[in-house]
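The values are calculated or read from the model by the stated rules, or taken from the named source; none is laboratory data. Just so you know, these numbers come straight off a predicted model, no measurement behind them. Positions of Cβ are backbone-derived with ideal geometry, glycine not excepted, and every protein chain shown enters the neighbour counts. The protein model used for the area step is the full one, side chains on, heavy atoms only, and it has no ligands, DNA or RNA in it. Shrake-Rupley method; radii C 1.70, N 1.55, O 1.52, S 1.80 Å.
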Amino acid sequence: MQNSGYSSLVLSSSFSSSLSSYPLFLLHGKMANSEETSTGNSQWDTILELFDVKAPAASTPVNGVVSSDITIDTSRNLWFRLYVPTVSEAGASTTLPVIVYFHGGGFMFWSPDLKPYDDLCRRIAGALSAVVVSVNYRLAPEHQYPAPYDDGFETLKFLDSKKVEGFPANTDIEKCFLAGDSAGGNLAHHVAVIAGDYDFQALKILGLILIQPFFGAEERTESELRLESDPMMPMERTDWAWKQFLPDGSDRDHPAANVFGPRSKDISGVMFPATLIVVGGLDPLQDLSRRYYEWLIISGKEAKMVEYPNAPHLFYAFLELLEFSMAISEIKGFVRKLLTK
């Protein structure tokens, strides 16, 4: 298959701000099952135990966006935080696209109601004039593969019912985008693949937005080896996360991790949306993101990769950084282009 012509690579300027406070974002996370689970890293265990900064839903507009929590299935604690902009750039008569967002955390940590993700999704909703659905999916080790993928797809089917409380009347479910960071980017990819074989009543997935997606492979990449002891994504911790999430006895060439490997699904014949991949030049996962981009092109899919050379993993957690604003502008342009096709 021939590529559609949308593929490209964009390089940003380097970080303009100090990252001296960068690890503070990790203080906002807490392990889902801290008593039963240990990372094997005492510093990480201490951080994850001691800090749990939550942000409640806000029915009163905050930065022009209101939010509420919607339950899908209480039996598996499947719910989402809904963000709705109170003012659209183009006016009230314009329909609002839907962005389904999956948070990161190695399939083991965090949730939509943590303040960094609440801030991020609120900013996305306001900047893009979009309804954002931030999904709370089940976490490992209690819920291994494929539980998060099942939860993500179930969320799409729920939205497809057109009975969502809190959706504005001008919400257009036919203009849907999937997005996620780190493990959430991995999740968004797999949900897109599953959705490609499903006949929705109204929902249509136009695009996929992956921010530093968490992929893996048995063969180490140059960036993994060079940044093996990276404080944010050390190889030892990512290997440990895969062991917790993947089925017992699996290795990193399992299709959930190595989506472009020998055991992965051939998506050349699958309905798959145009994809934007955001890469950090100080992220150990960067080479895997590049392989993913190349794999999409070879598979005949529309893909664009934007790289911020001096950005570490989770750079997008710092909303005050110039690079964050640049990434939001890139995502906004990507969404707008697909909405006007």
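Candidates 181, 172, 151, 197: the one that is of a type in the set (D, E, K, R), more than 29 Å from residue 311 (Cα to Cα) and open to solvent by less than 10 Å² (accessible area, probe 1.4 Å) is 151. Do we have any residue at all in region 300-310 that's touching a residue at least 12 places away in the same chain (Cβ under 8 Å) and under 17 Å from residue 187 (Cβ atoms)? Within region 300-310 (the criterion being touching a residue at least 12 places away in the same chain (Cβ under 8 Å) and under 17 Å from residue 187 (Cβ atoms)), the answer is no, since none of the residues qualifies.
The condition of being buried (at least 24 other Cβ atoms within 10 Å of the Cβ) and modelled with pLDDT under 95 holds for only one of 117, 101, 137, 83, that being 117. Taking region 166-263 as the region of interest, the helices (runs of 4 or more DSSP H) fully inside it that hold 1 or more residues being over 30 Å from residue 85 (Cα atoms) and of a type in the set (A, V, I, L, M) are 222-226, 235-245. Restricting attention to region 321-330, the residues that are surrounded by fewer than 19 Cβ atoms within 10 Å (Cβ to Cβ) and over 18 Å from the mean Cα position of the chain (by Cα) total 1. Within region 186-223, the set of residues being touching a His at 6+ places or on another chain (Cβ under 8 Å) and at pLDDT below 95 is empty.
Taken together, 333, 249, 300, 269 contain a single residue that is open to solvent by 30 Å² or more (accessible area, probe 1.4 Å) and at positive phi, which is 249. When region 283-300 is filtered for residues that are of a type in the set (A, V, I, L, M, F, W, C) and closer than 16 Å to residue 220 by Cα, the ones remaining, listed by number, are 285, 288.
Residue under question is residue 161, and the condition is that it be open to solvent by less than 10 Å² (accessible area, probe 1.4 Å) and at pLDDT below 95; does it hold? The answer is no for residue 161.
Would a scan of region 246-254 turn up a residue that is touching a Gly at 6+ places or on another chain (Cβ under 7 Å) and more than 22 Å from residue 145 (Cβ to Cβ)? No: zero hits. Could we say that residue 202 is open to solvent by less than 30 Å² (accessible area, probe 1.4 Å), under 23 Å from residue 253 (Cβ atoms) and not polar (S, T, N, Q) here? Spelling it out, it is not the case that residue 202 is open to solvent by less than 30 Å² (accessible area, probe 1.4 Å), under 23 Å from residue 253 (Cβ atoms) and not polar (S, T, N, Q).
From the list 147, 130, 169, the one residue that fits, being under 17 Å from residue 64 (Cα atoms) and among the hydrophobic types (A, V, I, L, M, F, W, C), is 130.
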